[in-house]
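Below is one structure, written out as structure tokens, with a few remarks after it.
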Amino acid sequence: MSDQKRVVYEPHVGASRQYWRDMILGVNDGLVSMFLLVAGVVGGGLDRPQVLLTAVAGAIAGSVSMAAGEYLATKSQSEVLESEIDLEKTHIEHFRNRELAQLYQLFRDIGIEEEDLPDVVRAFSRNDQTLLNAMKVMEFGMVDSEERSPIKAMLMSGGLFLSGSIPAVTPFVFDIRPHVALAIAAGLAAIALFAVGVVKTFITRGNPITAGLENLAIAGIGGIAAYAVGRLVGVAV
């Protein structure tokens, strides 16, 4: 019996791959920034209703800002690439030999053997559309299946930011002292941050404990700093 470990075929993530950035950024930003906000204002001496009002306003503002920013950024990136592709079509039509020379170099850069280059380039340049598709991938890193929708990116970023704000906001709904609510918020945010780090490794195939602790460390350091700044400002004011 062979000691070699049997490798099982594992499918790729698929259609959601290009949106994981938006999902992780949205929920993490909501968890971290809202916890930092409540830590800062509690440290500054605000009472519970004031903290709650600040947190709710911050959650809504952050969600809208995140959604709008992601929409504009994604749409702008798509427009830049569309403009580049239009220019590439002009290059292929009027400067075809220069584009073929560039394709030679691009294939050479990824390790195609010199003796194979003429056949490879010839295969990719039989017609303008095939050459354009090759240049889209090789020169601009564009794959149609990886294209991101501005609407989906907007909804994921904004919606998950709002979801991520829940652990920091919820404890201040109840009639308890601000510092007690902050302690509960810290516990809930810590659990959520660790969970996000673990979930991320389902895709990255990394170490779940390391990823969870990394998220916790970032939020923990930020939370201490925000509370300290809030205390200093509160004393000064």
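No value in this document is a laboratory result; all are computed from the given coordinates. As the structure is a computational prediction, the values presented were derived from the model and not from experiment. With ideal geometry, Cβ positions are generated from the backbone for all residues, glycine too; neighbour counts draw on all protein chains shown.
Residues in the stretch 156-171 carry Karplus couplings, in order, of 5, 5, x, x, 6, 4, 4, 5, x, 7, 4, x, 7, 8, 3, x Hz; the curve used is 6.51 cos²θ - 1.76 cosθ + 1.60 with θ = phi - 60°, and Gly or Pro positions show x. Between Glu214 and Asp128, residue separation times 0.36 nm minus the direct Cα-Cα distance comes to 26.2 nm.
Here the Debye sum runs over all C-alpha atoms of the chain as equal scatterers in vacuum, and log10 of I(q)/I(0) at q = 0.09, 0.11, 0.17, 0.18 Å⁻¹ comes out as -0.59, -0.75, -1.15, -1.22. Available extension along the chain between Asp144 and Asn97 is 14.4 nm, counting 0.36 nm per residue and deducting the alpha carbon span. Between Ile224 and Val64, the FRET efficiency from the beta-carbon distance, with R0 = 35 Å, is close to 0.80. Comparing Ser83, Ser65, Ser33 in a Gaussian network model of the chain, where Cα atoms under 10 Å apart are tied by springs, the biggest mean-square fluctuation is seen for Ser83.
Taking every alpha-carbon pair under 8 Å whose residues sit at least 6 apart, the chain reaches a relative contact order of 40 percent.
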